[in-house]
Amino acid sequence: MADSKKAKKNFKDLSYAELVSQRNELKQKYMDFRFQMVIGHVDNPMQKREMRKDIARLNTFIRAKELAGETK
């Protein structure tokens with residue numbers, strides 16, 4: 001739990017390009033995780049929910065930066 005809270009706080013400090021790259025990496029991990037779930041080799045199925053929430057958080061921060069005009 002403490003690790004995920006630290007990750008949430010770190011999202012605010014990232015630049016726009018870093019947020020986008022982080023989101024793309026997380027989306028790729030999410031797709032791989034979904035494939036592993038279909039195969040049945042998953043230790044923690046709740047990780048899927050956390051990944052979706054992190055992607056949504058990143059999308060929120062990305063949109064906030066776009067509205068603020070920080071898209072460089």
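What the table below lists for this structure:
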| read-out | value |
| --- | --- |
| Structure-derived Cα extents along the principal axes in Å - corresponding label in [x] 32, 22, 16; [y] 44, 20, 18; [z] 43, 24, 14 | [z] |
| Unit charges on C-beta of K, R, D, E only; dipole of the chain, Debye | 260 |
| Relative contact order computed over the chain (Cα-Cα under 8 Å; 6+ residues apart), in percent | 47 |
| FRET efficiency estimate (nearest 0.05) - Cβ-Cβ, ASP13 to ASN44, R0 35 angstrom | 0.80 |
| Modelled FRET efficiency - R0 25 Å, GLN28 with ARG63, Cβ distances, 0.05 increments | 0.75 |
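Quick note: the coordinates plus some simple rules give every number you see, no bench work behind them. Note that the structure is a prediction, hence the values are computed from the model and not measured. All Cβ positions, glycine included, derive from the backbone under ideal geometry; neighbour counts span all protein chains shown.
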